[in-house]
Amino acid sequence: MTKPIWIIHGNQLATLASNHKGPRTGKVMSELGIIEDGSLWIEEGIIQAIGTTQELAKNFGGRIEEAEIVDASNHLVTPGLIDPHTHVVYAGSREKEFEMRLEGATYMEIMNAGGGIHATTRMTREATEVEIMEQTSRRLDSFLQHGVTTVEGKSGYGMNLETELKQLRVMKKLKKQHPIDLIPTFMGAHAVPSEFKGKEDEYVDILIQEWIPIVAKEKLAVFNDVFCEKGVFTPEQSERILEAGKKYGLIPKIHADEIISYGGAELAARVGAISAEHLLKATDEGIGKMAEAGVIACLLPATALYLRELAAKGRKMIDAGVPVAISTDCNPGSSPTTSMPLVMNLACITMRLTPAEALTAATYNAACAIKQEHLVGSLEVGKQADIVLWNVKDYRELQYLFGVNHVKAVWKKGIQVVDRGE
Ligand code: NIG
Ligand code: FE
């Protein structure tokens, strides 16, 4: 049995607790549920009590000898950050493409010439399961160092059944072996593989008739995602793929309106997607439809920056009543980063989210985008003790002092997994 942990005197304990049910919208995105001189009692990996240090001392003061005490004076304490959109499971890297883009090539030009997603697909097909596990595990270590305790991961660098399943199995194994919780998404519709060039509908048929049923039967994914973009999958093809997934219990997600306005936000609302991703070019009408349908906008400001594009209209979306989450989009092409703190900074700087909204977008709303809000995303009695202790006193400093990793310590299910010293 592990020792109970008693966190005391947190300068600000941002609990993210709220009476509001479901993904947070509008003003509720600014409610951080802050407790000053905050305290948490953790036992068996679960939060048993939360309140001020004085309040908890009444019930737990008598057990002080038994517990490991964490003095959080002068520190901010938050829930573990959640990354609800990554392509973290892959082999190899694409630094040459980074250089090519800086010299003028566009992301889509590189992809259409057989690079981009296709290049990573070749490397992932060739790699062994062990190699992919090792490379992914290192990336997950880096996520933890940045205060991230739950990560969604997509397949989509296989685009043949064997490698798609290989990626999903890697996730299943890593979920058991690595402290981070990995939530799997099937994304066979990440691109049309080169073997199917000119026969796109045939690929869509195979996805629908063969692969989705296998993935669902083997319970290898929770979500089904598609890259709806000109030159990749049309809105019609995307709709067919997402509707097929729904029949097998896979919840739709959609990479929408990233490069051009393509009706992706509207489609997300129509199919009842849990979230729509990217949305750099989402139309006002699409944003309105997402608000009505309660689709979470999963915004990826690091990707926009890395592609040297203008960020999505995060401010406008929140003001329109869309629940907003943020994510790294960690992938080897358009966003090779594991830093959710940087993503929070960019959400403020490039999309005009407030520091409080950015924190909600990276915790509670991010948990909702991957249906994990019953376990994580806020600090409440009965929830998992996934906690970050930061080297700042105030939640605003997290965003204000940007580009720096302020993580001091991280607990996953009540076990300390990161200690970055003073
Ligand atoms: O979300 N947009 C499509 N997929 C990824 C990029 C994947 C890659 O370039 O390898 C994204 O940005
Ligand atoms: Fe993505």
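The values are calculated or read from the model by the stated rules, or taken from the named source; none is laboratory data. Treat the numbers as computed from the prediction; the structure is a model and nothing was measured. We place every Cβ from the backbone using ideal geometry, glycine too, and count neighbours over all the protein chains shown.
If you filter the stretch 267-284 down to residues that are of a type in the set (A, V, I, L, M, F, W, C) and away from ligand 2 (no atom under 13 Å from the Cβ), you find that the one that is farthest from ALA302 (Cα to Cα) is VAL271.
A single member of GLY38, GLY26, GLY45 is over 23 Å from the mean Cα position of the chain (by Cα) and either among the charged types (D, E, K, R) or modelled with pLDDT of 95 or more (or both), and it is GLY38. Of the residues that sit in the stretch 317-340 and are out of contact with any helix residue (DSSP H, G or I) (no Cβ under 7 Å at 6 or more places or on another chain) and not in a loop (DSSP other than H, G, I, E, B), which one is nearest to ligand 1 (Cβ to nearest atom)? The extreme case among them is ASN331. When only residues in the stretch 244-266 that are over 23 Å from the mean Cα position of the chain (by Cα) and part of a helix (DSSP H, G or I) count, which is farthest from ligand 2 (Cβ to nearest atom)? In this case the residue turns out to be LYS247.
One residue stands out in the stretch 92-113 among those that are of a type outside the set (Phe, Trp, Tyr) and touching a Pro at 6+ places or on another chain (Cβ under 9 Å): the one that is surrounded by the most Cβ atoms within 10 Å (Cβ to Cβ), namely ARG94.
Within the span defined as the stretch 360-372, one or more residues are assigned by the TED database to the domain that holds GLU152, touching a strand residue (DSSP E or B) at 6+ places or on another chain (Cβ under 8 Å), in a loop (DSSP other than H, G, I, E, B) and of a type in the set (Ser, Thr, Tyr). The conditions of being touching a Gly at 6+ places or on another chain (Cβ under 9 Å), under 16 Å from LYS176 (Cα atoms) and not basic (Lys, Arg) are met by THR150. Scanning the stretch 395-408 for any residue that is modelled with pLDDT of 95 or more and within 16 Å of ligand 1 (Cβ to nearest atom) turns up nothing. Does at least one position in the stretch 83-106 carry a residue that is assigned by the TED database to the domain that holds GLY153, of a type in the set (S, T, N, Q) and without any contact (Cβ under 8 Å) to a residue 24 or more places away in the chain? Scanning the stretch 83-106 turns up at least one residue that is assigned by the TED database to the domain that holds GLY153, of a type in the set (S, T, N, Q) and without any contact (Cβ under 8 Å) to a residue 24 or more places away in the chain.
Condition (residue is within 16 Å of ligand 2 (Cβ to nearest atom) and in a loop (DSSP other than H, G, I, E, B)) applied to the stretch 287-294: is it met by at least one residue? Within the stretch 287-294, not a single residue is within 16 Å of ligand 2 (Cβ to nearest atom) and in a loop (DSSP other than H, G, I, E, B).
Being aliphatic (A, V, I, L, M) and within 23 Å of VAL70 (Cα to Cα) is the filter here, so list the residues in the stretch 376-403 that pass it. Passing the criteria: VAL376, LEU379, VAL381, ALA385, ILE387, VAL388, LEU389, VAL392, LEU398. Of everything in the stretch 386-403 that is part of a loop (DSSP other than H, G, I, E, B) and of a type in the set (A, V, I, L, M, F, W, C), the residue that is surrounded by the most Cβ atoms within 10 Å (Cβ to Cβ) is VAL392. Would you point out the residue of the stretch 79-133, among those that are away from ligand 2 (no atom under 16 Å from the Cβ) and of a type in the set (S, T, N, Q), that is farthest from GLN416 (Cα to Cα)? Among them, the one singled out is ASN112. Considering the stretch 118-177, and only residues there that are under 17 Å from the mean Cα position of the chain (by Cα) and within 16 Å of ligand 1 (Cβ to nearest atom), the residue that is nearest to VAL77 (Cα to Cα) turns out to be VAL151. Are any of the residues in the stretch 66-80 within 16 Å of ligand 1 (Cβ to nearest atom) and either surrounded by fewer than 21 Cβ atoms within 10 Å (Cβ to Cβ) or within 28 Å of the chain's Cα centre (by Cα) (or both)? Taking every residue of the stretch 66-80 in turn, none turns out to be within 16 Å of ligand 1 (Cβ to nearest atom) and either surrounded by fewer than 21 Cβ atoms within 10 Å (Cβ to Cβ) or within 28 Å of the chain's Cα centre (by Cα) (or both). Right, MET340: more than 16 Å from ligand 2 (Cβ to nearest atom) and either in the same structural domain as ILE251 (by the TED database) or not polar (S, T, N, Q) (or both) or not? So MET340 fails the test.
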